[in-house]
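What follows is one structure encoded as structure tokens, with my remarks underneath.
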């Protein structure tokens with residue numbers, strides 16, 4: 001089974017090179033100033049000169065949709081990632097761009113009904129379901145497997161969640177997910193970082 005893999009919130013060249021070497025499909029950079037993990041777009045442009053392969057994604061949480069479109073053109077982004085909660089009503093304004101729609105899921109569960117997600121679907125190439133703010137396990141999904149399979153079938157869907165490495169292959173296949181999103185992090189020293197936990201996920205997925 002071929003998975004789509006996105007590396008999110010890349011903040012330095014070490015992460016970019018690591019994930020590019022793993023041949024992930026997307027490298028995401030948080031370009032929204034004043035938010036956690038923000039990366040100056042000029043630094044992002046410098047990093048992309050050192051990597052080849054993955055599509056470059058600009059990640060935006062609440063930036064006005066008009067500004068997102070302008071940033072995509074100005075910085076030569078391959079893809080934009082926007083928020084369903086903040087941008088859902090304006091997705092049509094991104095027509096012509098490749099769009100990843102992030103849907104943040106909290107302790108209260110999925111914030112949108114299936115009909116609402118269906119309304120978003122024509123304007124998004126990929127749905128990214130972000131469970132980072134809630135504690136989940138595979139049993140979270142298996143209790144309502146039919147529901148989640150229906151949700152994840154609306155568009156090719158990526159899952160961002162704290163799930164044990166060994167469980168990922170089963171979760172992806174059982175729920176019909178297209179792939180997963182992994183998150184970059186800070187370096188221990190310039191150019192030095194441990195990737196042990198992420199390596200476990202890649203090994204579980206059969207990616208050398």
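Taken together, the values in this text are just the output of simple stated rules run on the coordinates, not laboratory data. Note that the coordinates shown come from a computational prediction; the quantities given were computed from them, not determined experimentally. Here the Cβ positions follow ideal geometry from the backbone for every residue, glycine too, while neighbour counts run over all protein chains shown.
For the chain, the 222 nm mean residue ellipticity estimated from helices alone, with every DSSP H stretch of n ≥ 4 adding -39500 (n - 2.57) and the total spread over all residues, rounds to -8500 deg cm²/dmol. Here the spin labels are modelled as points 7 Å beyond Cα on the Cα-Cβ line, and at residue 147 and residue 52 they lie 4.7 nm apart. The label point for residue 23 and the one for residue 125, both projected 7 Å from the Cα toward the Cβ, are 1.9 nm apart.
Say we join alpha carbon atoms closer than 10 Å with springs in a Gaussian network model of the chain; which of 25, 78, 196 then has the biggest fluctuation? With Cα springs under 10 Å in the chain, the top fluctuation among 25, 78, 196 is at 196. Using C-alpha pairs below 8 Å separated by at least 6 residues, the relative contact order for the chain is 20 percent. When volume of the Cα convex hull per residue in Å³ is calculated for this entry, the matching label among (1) 120; (2) 138; (3) 150 is (1). In plain terms, the chain from residue 35 to residue 204 could stretch by 57.6 nm, reckoned as 0.36 nm per residue minus the Cα-Cα distance. Figure legend: label point modelled 7 angstrom from the Cα of residue 173 along Cα→Cβ; residues of region 120-139 with amide N under 18 Å from it are 138-139. Considering only 19, 74, 127, the mean-square fluctuation computed in a Gaussian network model of the chain, springs between alpha carbons under 10 angstrom, is largest for 74.
GNM remark for the chain: springs join alpha carbons under 10 Å apart, and the peak mean-square fluctuation among 118, 108, 85 falls on 108. Distance from the alpha carbon centroid of region 34-102 to that of region 126-146 works out to 25 angstrom. If a paramagnetic tag sat 7 Å from the Cα of residue 107 along the Cα-Cβ line, which residues of region 128-148 would have the backbone N under 15 Å from that point? Of the residues in region 128-148, 132-136 have backbone N under 15 Å from the label point off residue 107.
Going from the fewest other Cβ atoms within 10 Å to the most, the residues 148, 50 appear in the order 50, 148.
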